[in-house]
Amino acid sequence: MGKKYIPLVLLVLILLTGCEGSSSLPSYNSDFFYLETDNCYVDLSAEEAVYFRLLSCKPLTKDDVSARLNIPNTYYDLSFSENASTSLAWMEGSKYHSTITQDISKYLNAFEAIDLDKIPVIYQYGLYLEVNYENRPMENFKATELALTVNGKTQKYSLEDLIYSAKPGRSVPPVHPDNLLISNIQAIMQYLTLPSAKGSINLFPLCIEIGEDLTLKRIEFLNHPEIKCANVSVTSTGKDGWPVERTWDGNSPLKLNSGRDVELRITLENPLFAGELSGIFADTMLIIYEHNGAEYSEHITVNYNVATNKYLIYARERYGIDIQSYFDNNVFRFDTN
């Protein structure tokens, strides 16, 4: 069964009216802002920059915003951006996203207790973090806290796993000197996915060129071996020239023939994001294969965001409404991917 979603406007209204005493919700605070750093797992040696989504009840300019990490400021640059990112801007527009109040008339009988003045325009911006490679440390360096100041008010946010240089503590198969397996894509950047019960994400199709007969062994991530392939569709050209599609589990031997172009459609399950409304991830995906008894790997950067509508995030942060439980009980439970 596929995912089933309640229309977004109706969902927001249900959440705003579903808490006790919805008519007594406090008026919104025009100084409200929120930086979306939940579930941040970013290896900045795989991807040298990352966006954090910044929500605000008032318009902001770069002069209104400053930020810092709890590591020496010579190692990085943090800058304000009017667009949260290419993909997040694609999802919701940018700071020009309108309020939901224009659609409430469709549901007046059910939601007439709502004071429309309590649903403000939520402006969406971005905080852009980039590594300063000239001054970065040689060893692993991990940031655990980000302090954001907006119009003189400072808020601190915890970071899960923001590191500069990945050393996984295990051996990684080298790249073959003759590049027997080559992907047409070296990085999947700022990819957007919706929340799901299992932390599922369907990656863009990867086309790989096969230089000699070899055997695919497994797909894994440099710093997060707990991420698994739920399914891999493998399409190649058969001897008669027609495409042949096979299913691979991403963790057992699969023979591929020399000279064939192969397309991989990979579905991942990332337990770091299972049942979570937001998250930021960047790590190196390894396609590991065997040739003449030795293992080699192709390295591909995977960088993606888990995100939901900013009005749901506002309802959770400003009014304490349990958005997560609603998704767990009414949306995530339909997700069987």
Output for Cβ contacts, cut-off 7 Å, separation at least six or different chains, first residue under 19 Å from Leu55 (Cβ atoms) in region 318-337, second in a loop (DSSP other than H, G, I, E, B) and modelled with pLDDT under 70, reads Arg318/Tyr28; Tyr319/Cys19; Tyr319/Leu25; Ile321/Cys19
Test result for Gly275, farther than 16 Å from Leu180 by Cα and in a loop (DSSP other than H, G, I, E, B):
yes
Contact list, first residue from region 221-245 and touching a residue at least 40 places away in the same chain (Cβ under 8 Å), second anywhere and part of a strand (DSSP E or B) and acidic (Asp, Glu), beta-carbon distance below 6 Å, six or more apart or interchain, is Phe221/Asp283; Leu222/Asp283; Asn223/Asp43; Asn223/Asp283; His224/Asp283; Lys228/Glu269; Ala230/Glu269
Restricting attention to region 161-168, does a residue exist that is closer than 30 Å to Ser81 by Cβ, in contact with an Asp or Glu (Cβ under 6 Å, 6 or more places away or on another chain) and either modelled with pLDDT under 80 or not assigned by TED's automatic domain parsing to the domain that holds Asn292 (or both)?
yes
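Table: residues versus (1) surrounded by 18 or more Cβ atoms within 10 Å (Cβ to Cβ); (2) not in a loop (DSSP other than H, G, I, E, B).
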position	(1), (2)
Glu226	no, no
Val234	yes, yes
Val244	no, yes
Gly250	yes, no
Lys255	no, yes
Thr267	no, yes
Checked against (1) more than 20 Å from Met285 (Cα to Cα); (2) out of contact with any Ser or Thr (no Cβ under 9 Å at 6 or more places or on another chain), Pro243 satisfies every condition except (2)
The correct count of residues that are within 13 Å of the chain's Cα centre (by Cα) and not in a strand (DSSP E or B) in region 295-309 is 2
Flagged in region 22-66 as modelled with pLDDT of 85 or more and more than 21 Å from the chain's Cα centre (by Cα), in numbering order, are Phe32, Cys57, Lys58, Pro59, Leu60, Thr61, Lys62, Asp63, Asp64, Val65, Ser66
Of the conditions (1) modelled with pLDDT under 95; (2) over 16 Å from the mean Cα position of the chain (by Cα), the single one that Ala282 does not satisfy is (2)
Flagged in region 143-188 as hydroxyl-bearing (Ser, Thr, Tyr) and within 19 Å of Pro225 (Cβ to Cβ), in numbering order, are Ser165, Ser171
Within region 174-204, residues being at pLDDT 90 or above, in a loop (DSSP other than H, G, I, E, B) and surrounded by fewer than 16 Cβ atoms within 10 Å (Cβ to Cβ) number 5
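The values are calculated or read from the model by the stated rules, or taken from the named source; none is laboratory data. This structure is a prediction, so every number in the text was calculated from the model and none was measured. Neighbour counts run over all protein chains shown; Cβ positions are idealised from the backbone, glycine included.
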